[in-house]
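Colleague: Please find one structure pasted underneath; my questions will follow.
The values are calculated or read from the model by the stated rules, or taken from the named source; none is laboratory data. Just so it is clear, the structure is predicted and the values come from calculations on it, not from any experiment. Cβ coordinates were reconstructed from backbone atoms using ideal geometry, including for glycine residues, and neighbour counts include every protein chain displayed.
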Amino acid sequence: MWLKFKHFLQNDGWFLVVLLICVGLMSFALGQRSVMTDVPSGQNATVLFYEAPAVSSFSSGAGASVVASRSGSRYYFADCGGVERIKPANRITFTSSWEAEAAGYTQAANCSP
């Protein structure tokens, strides 16, 4: 029996696989245990999901601080040079960057507030 175990440990491939599985199981158990100790006994841990507020209607006039293209995925601040490349007919304006991100746009890398 001891020789079989010694031979098993000498085979690096199997030893590493077993070691990796053991480390993974221990990490999972410790993580689960840490969550369980934070919840007082008799109570359940709950996860709350908040619904994002509805996006207000888009304006197409001046006075907006963020501009995006209808066909693009990036938004630009009003004083950024990228706004000039968007055709006026394709421009969508938002009152804030948060509103643009809620509509699915991301900030252009070459434009900062």
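Colleague: Confirm whether Ser41 is at pLDDT below 70, assigned to a loop (DSSP other than H, G, I, E, B) and either surrounded by 10 or more Cβ atoms within 10 Å (Cβ to Cβ) or under 24 Å from the mean Cα position of the chain (by Cα) (or both). Explain how you work it out, then say what you get.
Modeller: Working: at pLDDT below 70: yes; assigned to a loop (DSSP other than H, G, I, E, B): yes; either surrounded by 10 or more Cβ atoms within 10 Å (Cβ to Cβ) or under 24 Å from the mean Cα position of the chain (by Cα) (or both): no.
Criteria not met by Ser41.
Colleague: What tally of residues in the range 65-85 results from selecting those that are over 17 Å from Ser112 (Cβ atoms) and in contact with a Lys or Arg (Cβ under 9 Å, 6 or more places away or on another chain)?
Modeller: Residues flagged as over 17 Å from Ser112 (Cβ atoms) and in contact with a Lys or Arg (Cβ under 9 Å, 6 or more places away or on another chain) within the range 65-85 amount to 2.
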